[in-house]
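The values are calculated or read from the model by the stated rules, or taken from the named source; none is laboratory data. Given the structure is predicted, the values throughout are model-derived calculations rather than measurements. Note: accessible area is taken over every heavy atom of the protein model, side chains too, but ligands, DNA and RNA are not part of it. Shrake-Rupley method; radii C 1.70, N 1.55, O 1.52, S 1.80 Å.
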Amino acid sequence: LVFSIGLPHRLAALSPRHDFAGSCTEHLWFVECNVLEETLPQALTADAPFSMALDSAAFHCSGGEEEQRRYASNLASVVQPSGHLVLLAHSDRNGESNDPRMRRVTEAELRDIFSVHSGWEASSNGLAAEVSNQ
């Protein structure tokens, strides 16, 4: 399960001669949706729960704290217990971004948002953090 903003376009830009959305339909499909909605679409939940989720720019571009908490909760609903999340977030350790949608987040904020209250448990090792669904 991959959450991203504009992922099909990014994949196509990496290899313009390969139609990712068209030729990988057995193993890869795209569901365009708002992951902040109260109820996730059937097209996304039909194959849930997933063992792992990858977030590429969705979390830190999803608005403020309230939206990010809803995102964490929604994500927990489609990742199996003991499943994992790989989150690529715009850290407060990074420089400023020219993109106004990108909200810098601290490790403390991530630990608070991805907590037992939203269905997650975080552990860390250096700069990497592992977030597991309970």
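If you check D92 against the conditions, is it open to solvent by less than 50 Å² (accessible area, probe 1.4 Å), modelled with pLDDT of 75 or more and acidic (D, E)? So D92 does not fit the description; no. Here is the figure for the stretch 40-74: residues that are open to solvent by 50 Å² or more (accessible area, probe 1.4 Å) and more than 13 Å from the chain's Cα centre (by Cα) total 8.
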